[in-house]
Amino acid sequence: MKFADRLLPFFVVGVLVLGLGTIAVRWIWPEPAAGDSVRMPALSTVAVRGQDAFNAVCAECHGANAAGTVKGPPLVHDIYNPGHHNDDAFFRAAKQGVPQHHWPFGNMPAQPKVTDEQLAAIVGYVRELQEANGIFYRPHTM
């Protein structure tokens, strides 16, 4: 048996593993959605203020309508449902920053210029977007 014939099974297994790995990565870390793929509700007065603050401070990384970009994850995603990331988690993230954990985007820096009032409005905006897109409280279990 030739050396090349003995390598063929390893080559086939390697290709299969790489293919399945690519599929798994795309499933776990999907491409960020376009901002227009997020269903936009009629926003409350607080959420309109939150949208303005979000667009000024957060949208560069988290995208139009919180749909994500290559720089930051979508916040209109079930992983950010209130049972997994409550409102306080958003406040802590903005105040203290966040080390990379759910997504491959790197660390989120603190946003010290954002006021508590702006943060409350931003969270209201994100929660209204989430609800309009079928994301509701689900208890987090590990």
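Please treat every number below as a calculation from the coordinates, not as lab data. These numbers were taken from a predicted model, which means no experiment stands behind them.
Take the alpha carbon gyration tensor of the range 46-142, find the square roots of its eigenvalues, order them as a ≥ b ≥ c, and report rounded if a/c is under 1.5; if not, report prolate when a/b exceeds b/c, else oblate. Rounded. Stretching ASP87 away from GLN100 to a fully extended chain increases their span by 2.8 nm, per 0.36 nm per residue minus the current alpha-carbon distance. One Cα centroid belongs to the range 56-74, the other to the range 88-134; the line between them spans 11 Å.
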